[in-house]
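Novice: Sharing a structure with you now.
Each value in this text was obtained by applying a stated rule to the coordinates, not by laboratory testing. No experiment lies behind these values; they were computed from the predicted model shown. With ideal geometry, Cβ positions are generated from the backbone for all residues, glycine too; neighbour counts draw on all protein chains shown.
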Amino acid sequence: MGKKTFARTLLLALAVAAPVLPPAPAGAAQTKERARVEKITELLAVVRDEETLRADPNRAAEAVVRLGEMKAVEAIPDLVRLLDFRRTFDWEEVNAGGVEVVNEITLITTAKRYPAVGALAAIGRPAVPALLKAVGERETDSTAGENALAALMGVFRESPSKGVKLLKKAAAAGASPLAAHRLLNAAQRAENSLDEARKQ
Amino acid sequence: MRRSTLCAMALAALCLFLWPQEARAQYAYGISAIEYDSNTKEVFGYSATEVDYSAGFYYDPYVEGFMYGPFGLIDYGSSRGYESYFPAQVFTYTFNALPNSEYDVISDHYVIRWFSVDIIIYDDDCYYYFMGCYGYNWYDPYGFSFLPGGNFGPYNYFWGWNYYGYVPEWTTYVGTTAVGIFTPPDDPCSSSTADKTDYMDMSAEGGDFCEPMPSVTIGAINAVSKHSVTNETFTVPVEVSPSNNSVPITLSLRTTSGSGSAVFAANNSTSLTITQTTNVEIKGQNESSTVDNIRLEAKARNRTRDTEDFTVVLVTFQFRTSGTLSSDNAARAYIAQQIGTDSLGLFQSTGLARRIWRHNVEIVGVVRPSNYRDPIVLQRNVLQARRYVNNDPNPQFARDNFPDTTDDPNLVDTDPQSGGSNGRVFDYDAPGIGFGSPPANGTILRARTNFRQWATAGGVRVSDYLYWYQRLSIRQTSNGVVIDNSQNGDNAVGEGTTDIGLGTPRTRFGLFIAQNVPDTMEAGQAYNVSVTMMNGSDHTWTPGEYYRLGSQNPHDNTYWGLGRVDVPGPVAPGQEVTFNFTVVAPSSPGYYNFQWRMLREWVEWFGDWTPNVVVNVTSPYTYCDWYQEQSCYNNGGSWDYSTCTCYGGCGYYGGYCY
């Protein structure tokens, strides 16, 4: 049997056998995915519960962080809604005999202070449209607006100039004059902070 | 029965029965046989021809025997027998036979007519030529060479003078026999199933002398730490099937390329034998020069069952407090955005984070091997943190041993290859202090903090500990918050540890790390305890200079049977030392303080007090006589376990009721 004939026969045999071959081992992956979905549902229930947010902010913060770690795209709308949800650490503010002491034993970044910022940055590119929308919809000076910008720049932390460029593009194609103005303003702020850091 | 005996090649023989065309019960027999001795690695060949009694009247047997090996002819020979009395036999032989090779014996069988009859000379000229006379010169009575038997043989030369000569004997080929064997592998049981079966088929007795080959599965090994640095071992599960396996499995560790080494913790060797599923502990000896260059291999009967390649990883640190963030630190831009600068050192931050005075530090983990690709996480905890307001020596804030919350993944760079790092990972921190709302002018806030940093790969610590500290003081003025430099040794950040007291830092300093002591003891009983301290001074502690751990609370007490414990050996600055010692609980029940502190005998006490442990010393448990106890209850008495005495009830005396 020639080489070509042999190869043709082999291919034909495979083609015939393929439909009856056992399916790819998807069982484990499906189980894992199901567990992931269940966990995300559970975490979303925590972050959607206003009572937990108010009475047990640390639990809510942990849930937010976990959603980010899991890169839960399904949670993006909830996380954007929680951009101004603030977390405090029990060691950071001390009242020492009437003196209010700020005690950052370690740096508390925006993402630590506002866990949704870190979570959205961790989710990465899939969160960008929602974050651009949030920047355009919120007052630039508001906490939520600033945090939307911080999360967006967190997504582009390794190449911040790309983040600035994206903001400018979004401003040019702004849904409304106000949104375009806010986006442009945010781009300017981000650019300034980069320049300031470079100058230091 | 010994395997060697079983595995010896028995005999594969083929007999060829050769007979004349007209059956008159005259037979010639041809035999080829071969035998392999697995002990001596010798192959014996045998070729033989014989004729029966009737044929023996007219014929002699003759044989040529050849032995062939994998590279061709090895040995040969020929032999003539005598009538039916002696067969023709050839023995062929070879030694050092190769395993898994074919050896053959081929035998050509002949009969030789040994008398002549009816010589008829057709050519008278042969007288003149003295040669070449020919005619029917021999007779084949049984037809070994003709059909049918009883005919004369073909022309043949007749040699002689005046017809006095001889007729040469005529050799007649009657057939060939052949037999071959495959020599077994050196260890037949280590071969493939097919080879083993073949071999067993050829053995004399066959049977199940080859136990089933076990299967071995070595678990994943992420990274192994250099043990002399971290004291860490890596535990890898090794699964053996079947569960009742008794075939020895040899685990070995070897370096496949470059440098680096690891040993088994159980025997400090590169070889370990197991038979059952077990967890194996591995210690890294020398760090790898390249990734995955150490191989853990499991072999049964010299046959590889499973392998796992891994890397011995070592991370060392660079502690950076000046200059700018490293250009290959992927978190650089984010950090700059947070604190408004990418410079290191003491700054008032201006970025997104709170605007307070901070020490910006970058911790660089230098990874070996430099081409390691998996994440290396630099972790940190806060050993001690104290905050003092004004000159009050009592800290307004004090907390020990808590994890540093470095849960902002944007602050770290765990990829040893990102940004062309070629084996560098990064952590960053900027601890700082400030005032919530401006206090009275002149208010001073002082921070003293000790940190401990280490690196992990796949959850395994792969670095020594890096200790670093921060001393920072700020003062409220009418112009805002400024750095307060009124105290020597203040506003510093660096490697090592610092005295966490309010005042000027002491130089001879012992930092408490951990202790292990039971909080309940039985009076008079001995207990093993341990206390770990770190040498935070710039001087090595040695037993010869009388550096010791001394009892405190009360000072110099001997409640625990001893008041001093020597350092077990030299302890360099920055090193931890664990004092393992045995205490004897006080003989009287009660609550006792267990607290210690470092001292240099006859010079000074120094450093941290260990956290006080109030130990509940209980009465020793007494084993009472069960019969006495039961008697006491049966007679309405009350039994005292501590003294084994019965009170009350019927007349008692020494616990017995009468």
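Novice: Sorted by packing (mean other beta-carbon atoms within 10 Å per residue), highest first, where do B:479-487, B:174-182, B:283-291 land? Working shown, then result.
Specialist: Working: B:479-487: 13.4, B:174-182: 18.2, B:283-291: 21.0.
With the highest mean Cβ count within 10 Å placed first, the list reads B:283-291, B:174-182, B:479-487.
Novice: Let me ask another. What dipole magnitude, in Debye to the nearest 20, does region B:270-405 give about its Cα centre under +1 on Lys/Arg Cβ and -1 on Asp/Glu Cβ? Walk me through the numbers before you get to the answer.
Specialist: Values: 17 positive and 14 negative charges, 36 e Å.
Taking the Cα centre of region B:270-405 as origin, the dipole is about 180 debye.
Novice: So, one more: Rank B:N381, B:A398, B:G503 by how far each Cα sits towards the positive end of the charge dipole of region B:365-516 (+1 on Lys, Arg Cβ; -1 on Asp, Glu Cβ) and give me just the farthest.
Specialist: Value: B:G503.
Novice: Treating cross-link reach as a plain straight distance, find the aspartates and glutamates whose alpha-carbon is under 19 Å from the alpha-carbon of B:K226, omitting any fewer than eight places away in the same chain.
Specialist: Output for B:K226: B:E281, B:E287, B:D292, B:E308, B:D309, B:D374, B:D464, B:E576.
Novice: Would you mind ranking B:M67, A:M70, A:M153 so that the residue whose beta carbon has the fewest other beta carbons within 10 Å leads the list? Don't skip to the answer; put the middle values down first.
Specialist: Numbers: B:M67 24, A:M70 17, A:M153 28.
Ascending number of Cβ neighbours within 10 Å: A:M70, B:M67, A:M153.
Novice: Which entries of A:K71/B:K283; A:K32/B:K299; A:K39/B:K283; B:K41/B:K299 show an alpha-carbon separation above 28 angstrom in the structure shown? Please report the intermediate quantities before stating the final value.
Specialist: Details: A:K71/B:K283 36 Å; A:K32/B:K299 34 Å; A:K39/B:K283 37 Å; B:K41/B:K299 25 Å.
Going by Cα-Cα distance, A:K71/B:K283; A:K32/B:K299; A:K39/B:K283 fall outside the 28 Å limit.
Novice: In whole angstrom, how far apart do the alpha carbon centroids of region A:104-123 and region B:271-338 sit?
Specialist: Using only Cα atoms to place each centre, the spacing works out to 30 Å.
Novice: I need B:H109, A:H181, B:H227 ordered by Cβ neighbour count within 10 Å, fewest first.
Specialist: A:H181, B:H227, B:H109
Novice: Across peptide A:85-96, what mean number of C-beta atoms from other chains lies inside 10 Å of a residue's C-beta?
Specialist: 3
Novice: Also: Just going by the charge dipole of region B:518-658, with Lys and Arg at +1 and Asp and Glu at -1 on Cβ, which of B:Y633, B:S587, B:W560 is farthest out on the positive end?
Specialist: B:Y633
Novice: Taking the simple approach of a point 7 Å from Cα along Cα-to-Cβ for both B:W626 and B:N580, what is their distance in nm?
Specialist: 3.8 nm
Novice: Check which residues have an amide H placed less than 5 Å from B:R424's amide H, if you skip close sequence neighbours.
Specialist: Distant-sequence amide H within range of B:R424: B:V367.
Novice: Right, next: As a quick test, which of the pairs A:K112/A:K133; A:K133/A:K162; A:K112/A:K162; A:K112/A:K168 have an alpha carbon distance above 20 angstrom in this structure?
Specialist: In this structure, A:K112/A:K133; A:K112/A:K162; A:K112/A:K168 exceed 20 Å between Cα atoms.
Novice: Where does each of B:69-75, A:110-116 land if you order them by average Cβ count within 10 Å, highest first?
Specialist: A:110-116, B:69-75
Novice: Residues of A:107-120, mean number of Cβ from any other protein chain within 10 Å of their own Cβ, rounded to a whole number?
Specialist: The shielding value for this peptide is 6.
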